[in-house]
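*Asks:* There's a structure below that I have some questions on.
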Amino acid sequence: MTINDITILKFQEIQAAIEMNPDNEIAQWYNILPLFTDKTKEDYKRMKFTDFQKVIKKFEWLNSFQMPDEWVKSFHCGDELFYVTQEVTEWNTEQFISMSNLTKDSSQIINNLHLILATLCYKVKGEDVQLDEFDRRAKLFQDNLSIVTAYPIGFFFALVNAKLSTSTKFFSIMKRLANRKAKVIGLGRSGVGMQS
């Protein structure tokens, strides 16, 4: 097995296994190894430590791979071809709202990765994807798409969306402050609140 064989779902399971014991590497391996073998966590706990280390050694590639950052324009998942929306300016309002919700909590981006991809990817430009088709695609991606393909798409757009969201919030705050300032100045000019 290589990183190319790791689906989004398997990657999500690995991440959850790590998060169960974020400060204990041995406990993390107890959680991770059953995802790849036919042994249980308890089987590994009963194992001699030297034997356990040998098993870990076979899976150390999980710690050493670098996630790709190559731009992905299209990909196959099963026998279906999907295209990735290339520009944020091409998003419709529904996509923008979905992306804002799916990337709001950065700790949930990996858990939402299949949903992010279902939001950003299309088969036919301008298609109107109904909820049942959206759910089908999200499940297809989660169960079958390699993390090597999914990761750069999801994280690039999550970062872009975070920056857009921050800019939008900043603009909104500045606009409200400007409106308040205009009201205060207007009140002062009309004599309201002024002492004679």
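*Asks:* Within region 17-33, identify whether any single residue is open to solvent by less than 50 Å² (accessible area, probe 1.4 Å) and in contact (Cβ under 8 Å) with a residue 40 or more places away in the chain, and answer yes or no.
*Replies:* no
*Asks:* Give the residue, chosen from THR37, THR50, THR93, THR2, that is open to solvent by 40 Å² or more (accessible area, probe 1.4 Å), of a type outside the set (Lys, Arg), more than 23 Å from ARG136 (Cβ to Cβ) and modelled with pLDDT under 90.
*Replies:* When all the criteria are applied, what remains is THR2.
*Asks:* Going through region 96-112 one residue at a time, which ones are among the hydrophobic types (A, V, I, L, M, F, W, C) and open to solvent by 20 Å² or more (accessible area, probe 1.4 Å)? Full working, then the answer.
*Replies:* Quick first cut of region 96-112, residues among the hydrophobic types (A, V, I, L, M, F, W, C) only: 96-97, 99, 102, 109-110.
Passing the criteria: PHE96, ILE97, LEU102, ILE110.
*Asks:* Report every pair of residues separated by at least 6 positions or lying on different chains whose Cβ atoms are under 7 Å apart, first residue within region 142-167 and more than 19 Å from PHE82 (Cα to Cα) and at pLDDT below 60, second open to solvent by less than 60 Å² (accessible area, probe 1.4 Å) and of a type in the set (D, E, K, R).
*Replies:* Going by the 7 Å Cβ cut-off, there are no qualifying pairs.
*Asks:* Another one. Scan region 96-114 residue by residue and report those that are within 18 Å of GLU133 (Cα to Cα) and β-branched (Val, Ile, Thr).
*Replies:* none
Here is a yes/no grid of residues against (1) aromatic (Phe, Trp, Tyr); (2) modelled with pLDDT under 80; (3) exposed (fewer than 12 other Cβ atoms within 10 Å of the Cβ):
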| site | (1), (2), (3) |
| --- | --- |
| LEU62 | no, no, no |
| PHE65 | yes, yes, no |
| PRO68 | no, yes, no |
| HIS76 | no, no, yes |
| LEU81 | no, no, yes |
| VAL84 | no, no, no |
| GLU87 | no, yes, yes |
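*Asks:* Still on this model: Within region 1-20, track down each residue that is of a type in the set (A, V, I, L, M) and part of a helix (DSSP H, G or I).
*Replies:* Restricting attention to region 1-20, the residues satisfying the condition of being of a type in the set (A, V, I, L, M) are 1, 3, 6, 8-9, 14, 16-18, 20.
Within region 1-20, ILE3, ILE8, LEU9, ILE14, ALA16, ALA17, ILE18, MET20 meet the criteria.
*Asks:* Tell me which helices (runs of 4 or more DSSP H) are completely within region 39-137 and hold 1 or more residues being in contact (Cβ under 8 Å) with a residue 60 or more places away in the chain and either closer than 17 Å to LEU9 by Cβ or among the small types (Gly, Ala, Ser) (or both), or say none if there are none.
*Replies:* Correct list: 93-102, 109-120.
*Asks:* Can ASP23 be described as within 21 Å of GLN108 (Cα to Cα), in contact with a Pro (Cβ under 7 Å, 6 or more places away or on another chain) and in a loop (DSSP other than H, G, I, E, B)?
*Replies:* no
*Asks:* Another question, if that's okay. Residues LYS58, LYS125: which one is modelled with pLDDT under 90 and charged (D, E, K, R)?
*Replies:* Unique residue meeting the criteria: LYS125.
*Asks:* Residue by residue through region 113-122, note down the ones that are open to solvent by 30 Å² or more (accessible area, probe 1.4 Å) and touching a helix residue (DSSP H, G or I) at 6+ places or on another chain (Cβ under 9 Å).
*Replies:* If the condition is that a residue be open to solvent by 30 Å² or more (accessible area, probe 1.4 Å) and touching a helix residue (DSSP H, G or I) at 6+ places or on another chain (Cβ under 9 Å), then LEU115 is the only one that fits.
The values are calculated or read from the model by the stated rules, or taken from the named source; none is laboratory data. The shown structure was predicted, so the numbers you read here are calculated from the model rather than taken from an experiment. Because the Cβ atoms are built from the backbone with ideal geometry, glycine has one as well, and the counts that use them run over all protein chains shown. Quick note on the areas: whole protein, heavy atoms, side chains included, nothing else; ligands and nucleic acids left out. Shrake-Rupley method; radii C 1.70, N 1.55, O 1.52, S 1.80 Å.
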